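In what follows, a structure is listed as structure tokens, so that the remarks can point back to it.
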Amino acid sequence: MKKQIILGTLAMCMIIAWSLATLDSPAQRSEARRPGEAFQPADFGKLIGMEGFSNTLLQNHFKLYQGYVKNSNLLDEKLNTMLRDGKTDTPEYAELKRRFGFEFNGMRLHELYFGNLGEKKELDPASPLYAALSRNFGSYAQWKKDFMATGTMRGIGWVILYLDPLSGRLFNEWVNEHEVNHLAGCTPLLVMDVFEHAYMTDYQLDRPRYVEAFFKNINWDAVSKRFP
């Protein structure tokens, strides 16, 4: 009986520890908000001083991110008010409903982007993620080549390494305008912002140099935690 109690206690401790570990990112923590509670901007000040990213660029980028948080809250509040007031059949409601995806995804993608920056270590070749990248793309080098090539395509948007949990496959996807081109049901693992505001202050039109700087600062521990 005592053995069963001890084993049960150990199991409960493991569950609690796992639950806390899954809430390590700002984006995940904010998911626990109660209905009606405002989204709070995460503090990414630890990235100030990061090599290849000037303080001016980062501070301006943080302000832009905070704007997405503010607008997500404003739209959430307005939509809920219109729902209570019976105004869901109005053109205004429809347009705000469409806009919410843009603002919300702008908030979340920036949290994922800043969250996977700030370290200098390479991805561990012995890690499950490294093995998965090699298996899906032929080699880690081939995956990196494809990701960087996607990031230097003409246009503005995001580059996202996705995991499809159903097939186990990995994809490098180009996403436009925050809410367009996402792969349904897939998990974003590595997120890179390729809108002009992410690099023009430091690199002008030389986006390939920005992509190289991004790779030098990836926090692979954070990315690996997103990979189940």
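A short reminder: the numbers here are calculations on the coordinates, not readings from a lab. All values reported here derive from a predicted model rather than from experimental measurement. Using ideal geometry, Cβ is built from the backbone for each residue, glycine included, and neighbour counts are taken over all protein chains shown.
Worth a mention:
- A straight line joining the Cα centroids of segment 58-131 and segment 187-228 runs 17 Å.
- Applied to segment 200-217, the Karplus parametrisation 6.51 cos²θ - 1.76 cosθ + 1.60 on θ = phi - 60° returns per-residue 3J(HN,Hα) values of 5, 4, 9, 10, 6, 9, 8, 5, x, 5, 5, 4, 5, 5, 4, 5, 6, 10 Hz, with x for Gly and Pro.
- For trypsin sites (Lys or Arg not before Pro), the sites in segment 48-149 that DSSP calls loop and that have at most 16 other Cβ atoms within 10 Å are LYS87, LYS120, LYS121.
- Entries of LYS70/LYS216; LYS120/LYS145; LYS63/LYS97; LYS63/LYS87 with Cα pairs more than 21 Å apart: LYS70/LYS216; LYS63/LYS97; LYS63/LYS87
- For segment 167-223, trypsin sites (Lys or Arg not before Pro) are listed when DSSP marks them as loop and at most 14 other Cβ atoms sit within 10 Å of their Cβ; the list is ARG169.
- Take every pair of alpha-carbon atoms less than 8 Å apart whose residues are at least six positions apart; their mean separation over the length of segment 47-190 yields a relative contact order of 18 percent.
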